[in-house]
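J.: Let me begin by handing over the structure; questions about it come next.
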Amino acid sequence: MNKNEIGKVILRVVLGLTFFIHGLSKFQGGIANTAGFFDSIGIPGFMAYIVAIIELLGGIVVIFGLGTRIVSTLLALIMVGAILTVKLPAGFLGDGQMAGYELELLLLAMSIYFIFASKSKFSLDQKFSADN
């Protein structure tokens, strides 16, 4: 078993789990509240539903390594949006009122990694690939 493959699986599971939990919390905390927050910062409220579904379902499929490149692209776009619309003014570490963008930057970097990385031997992408 290759050390790089083990690292890739760990990174993929952590990324997927993190997004899954964030998506789940949006629904558990009342998705209408998230939609209201989106409206308050100038983003149409319906986008909260789209973001939450991508985080929730995308997190699950990334854990299993299915559609990893496509889902990672969507997750990266969400992180760019979060950084630019909400987190950037607070700075990297935050401003005492709000957390900074350090977590979003890490999640963005992890997502970008999976956009460019080769398919993991331990993923459904590899199992369904014609390249086998």
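Coordinate-derived values only; no laboratory data. All values derive from a computational prediction rather than experimental measurement. So basically every Cβ, Gly included, is an ideal-geometry build from the backbone, and we count neighbours across all protein chains shown.
J.: Taking the 0 to 90 degree range and rounding to the nearest ten, how far is the long axis of helix 3-28 tilted relative to the main principal axis of the chain, both from C-alpha atoms?
T.: On a 0 to 90 degree scale, this one is about 30.
J.: In this model, which of Lys8/Lys127; Lys26/Lys119; Lys8/Lys87; Lys3/Lys119 are farther than 22 Å apart at the alpha-carbon? All intermediate terms of the calculation are to be shown ahead of the outcome.
T.: Values: Lys8/Lys127 16 Å; Lys26/Lys119 30 Å; Lys8/Lys87 28 Å; Lys3/Lys119 15 Å.
Checking Cα-Cα distances, Lys26/Lys119; Lys8/Lys87 exceed 22 Å.
J.: Let me ask something additional. Step through the residues of the stretch 55-68 one at a time and calculate ³J(HN,Hα) from phi using the Karplus curve (6.51 cos²θ - 1.76 cosθ + 1.60, θ = phi - 60°), rounding each to whole Hz and writing x for Gly and Pro.
T.: Once rounded to whole Hz, the list reads 5, 5, 6, x, x, 5, 5, 5, 4, 8, x, 10, x, 4.
J.: Can you give me the Cα centroid spacing of the stretch 66-110 and the stretch 1-40 in angstrom?
T.: Between the Cα centre of the stretch 66-110 and that of the stretch 1-40, the gap is 11 Å.
J.: Quick one: putting +1 on the C-beta of Lys and Arg, -1 on the C-beta of Asp and Glu, what dipole do you get for the chain around its Cα centre, in Debye to the nearest 20?
T.: Values: 9 positive and 8 negative charges, 93 e Å.
Computed charge dipole of the chain: roughly 440 debye.
J.: At 222 nm, what value in deg cm²/dmol follows for the chain if DSSP H runs of at least 4 each add -39500 (n - 2.57) and the sum is divided by all its residues, to the nearest 500? Don't skip to the answer; put the middle values down first.
T.: On the way: 6 runs with 89 residues, N = 132.
Calculated from helices alone, the mean residue ellipticity at 222 nm is -22000 deg cm²/dmol.
J.: For Gly65, list long-range residues whose amide hydrogen, built 1.01 Å from N in the peptide plane, is under 5 Å from its own amide hydrogen.
T.: Those qualifying (amide H under 5 Å, at least 5 residues apart or on another chain) are Leu124.
J.: If you don't mind, another one. Enter the angle in degrees (range 0 to 90, nearest 10) between the Cα long axis of helix 102-116 and the first principal axis of the Cα atoms of the chain, meaning the one along which they spread out most.
T.: The angle comes out near 30 degrees.
J.: What is the Cα convex hull volume of the stretch 3-121 when expressed per residue in Å³? Walk me through the intermediate numbers first.
T.: Details: hull volume 12.0 nm³, N = 119.
Hull volume over Cα atoms, normalised by residue count, gives 100 Å³.
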